[in-house]
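Comments concern the structure below.
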There are 2 protein chains.
Amino acid sequence: MLSASHAEQAQNYSDVVVAFDKEPACLQALFWKQPMEQLDAGRTLFFEGDQAKHLFELVEGVLRIFKIMADGRRVITGFLYPGDLVGVSLRNHYLYSAEAVTPTRLRRFSRKAFEETVSGSPELRPQLLARLCDEMAAAQDQMVLLSCKNAEERLCSFLLQQLQRKREQDCSSNVVDLPMTRLDIADYLGLTIETVSRTMTKLTNKGIVGPAGRHSVCIIKVGTLAHLAGEGDEYHGSSSSVISLDNTRRRH
Amino acid sequence: MLSASHAEQAQNYSDVVVAFDKEPACLQALFWKQPMEQLDAGRTLFFEGDQAKHLFELVEGVLRIFKIMADGRRVITGFLYPGDLVGVSLRNHYLYSAEAVTPTRLRRFSRKAFEETVSGSPELRPQLLARLCDEMAAAQDQMVLLSCKNAEERLCSFLLQQLQRKREQDCSSNVVDLPMTRLDIADYLGLTIETVSRTMTKLTNKGIVGPAGRHSVCIIKVGTLAHLAGEGDEYHGSSSSVISLDNTRRRH
DNA sequence: CGTCAACTTGAAAGTGTTCAAGGTCTGTGG
DNA sequence: CCACAGACCTTGAACACTTTCAAGTTGACG
């Protein structure tokens, strides 16, 4: 999965249309001429271990990316949103399965052709690397979350993440929608549906979020939410300066 | 962090020396002429958030790669071993801090020059991508571990991982050494030192591992260890075939 | 309006953490 | 070579948080 969060792809669709037809100026442009495909909610795009013959650009809808363990347990390693590219971890086989959370529309592109085109373009190469690094950074944040955040911190982090993604589009209200089920959220956060549900209730009782139907939430106290998410400032300034090496290490 | 586990870099040092001086045949070769630097055990190579001016090739010793949360909790996202490259997540700032677990020797290379050289070489580019993908795959495995493995499964996975790494070098005995402290292991596996210690004792009592000093373990029953690690076959064959979607999902 | 899946809530149980104490190893200096 | 100090590791008991199991509620859609 490669989220379209960073740098290079701030250029959105309208920009792309302009600078096109000769040489694609951004990665999405490669998919531009491909026919649009539909995928109903709940359908699988590909399975972990499948030969990775194609990449996809998600144009509309939401995908979940997950792995299934031997005993049936599922781990959702991420959700993908419009503008994201799917399956760019350039191996011979997909590292994960991909399913539609909502009805989706996407474009397909041969992986081989993708690699050749990107490899041959000094424009596109750094964009691919940038995306991979964004993905890597996200994976590491997720490891931090799973390693040492408790249920409340996890859910707050998740909600905050959803809010930020929403704000990149329309900077309007604080109502974010959660198209995925509680089970999806649970499998993403390493919790059970019951814990997700209970924690959500707790946040509501505290007045931090307000319910807005089953599949959306209104974030009332953004600051408190950020604080509870336990992500501090995300950046400890620079260099050696303040590295609090106190032994007061907490867990949960 | 980029582990040297896969494909391209199976070519080891001796191979590299031969095909050198004109155009580097592999990523490590770039570091070849750089002066060797020392780093004592416990010393920091760089901090998360520092400007990423250099990349490193780890020649000898072990590094730990970690993030510190606002409240002082530490998450070790990986260990690096000889042959690995450090800091290749090509952002402007390091994503994590790096410290020497044991006394290490490494070579430094300007990140800018690295990017330029790799970018200009059709030989090296796919190698970089391959490493990034390996790193991504490792990160995802770690997410699976942290998401839904219990203490025993985590420790078994870790030991197995160490064993496999050892076997890539000398296929000899089943004694792996663990240069890192229990605290390092705990912070890597998302547990406490006490739990790591207890679980280690339990594995010993079961006769799965035998103690061989504080900083090494003898793996006695590899099969049992692999089974307890709960990693099944790692690959569910291909395609749609058998996807056990039973609801009997367990956790812990 | 009924049905089914999704969600919520409660109570009991389990796993890992926390706190505390004791034990072991290693390096240093006598 | 031995003794000591300090860091590291092990073990025990109480506790906390999440899970598990179970029942009830809500809401979407035919």
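With respect to residue B:194, determine if the residue is out of contact with any Lys or Arg (no Cβ under 7 Å at 6 or more places or on another chain) and open to solvent by 70 Å² or more (accessible area, probe 1.4 Å). Before the answer, list the steps.
Details: out of contact with any Lys or Arg (no Cβ under 7 Å at 6 or more places or on another chain): yes; open to solvent by 70 Å² or more (accessible area, probe 1.4 Å): yes.
So residue B:194 passes the test.
Residues that are away from chain A (no Cβ under 14 Å), free of Cβ contacts under 8 Å to residues at least 24 places away in the same chain, more than 16 Å from DNA strand D (Cβ to nearest atom) and surrounded by fewer than 20 Cβ atoms within 10 Å (Cβ to Cβ): does segment B:210-222 have at least one?
yes
Considering only residues that are among the hydroxyl-bearing types (Ser, Thr, Tyr), more than 19 Å from the chain's Cα centre (by Cα) and under 19 Å from residue A:147 (Cα atoms), look in segment B:146-202 and name the one that is nearest to DNA strand D (Cβ to nearest atom).
Filtering segment B:146-202 down to residues among the hydroxyl-bearing types (Ser, Thr, Tyr) leaves B:147, B:157, B:172-173, B:181, B:188, B:192, B:195, B:197, B:199, B:201.
So of that shortlist, the ones also more than 19 Å from the chain's Cα centre (by Cα) come out as B:172-173, B:192, B:195, B:197, B:199, B:201.
Of the ones still in play, those that are also under 19 Å from residue A:147 (Cα atoms) are B:192, B:195, B:197, B:199.
Working: B:192: 9, B:195: 8, B:197: 3, B:199: 9 Å.
Looking at the filtered set, the residue picked out is B:197.
Filter segment B:199-209 for residues that are in contact (Cβ under 8 Å) with a residue 24 or more places away in the chain and open to solvent by 60 Å² or more (accessible area, probe 1.4 Å) and give the result.
Within segment B:199-209, B:202 is the sole residue that qualifies.
Please go through segment B:205-225 and pick out each residue that is within 13 Å of DNA strand C (Cβ to nearest atom) and closer than 17 Å to residue B:160 by Cβ. Full working, then the answer.
Initially, segment B:205-225 is screened for residues within 13 Å of DNA strand C (Cβ to nearest atom), giving B:211-216.
Once the filter is applied, which keeps residues that are within 13 Å of DNA strand C (Cβ to nearest atom) and closer than 17 Å to residue B:160 by Cβ, segment B:205-225 yields B:212, B:216.
The values are calculated or read from the model by the stated rules, or taken from the named source; none is laboratory data. The model shown is predicted, which means the values in this text are computed figures rather than measured ones. Using ideal geometry, Cβ is built from the backbone for each residue, glycine included, and neighbour counts are taken over all protein chains shown. Calculation scope for accessible area: heavy atoms of the full protein, side chains included, ligands and nucleic acids excluded. Shrake-Rupley method; radii C 1.70, N 1.55, O 1.52, S 1.80 Å.
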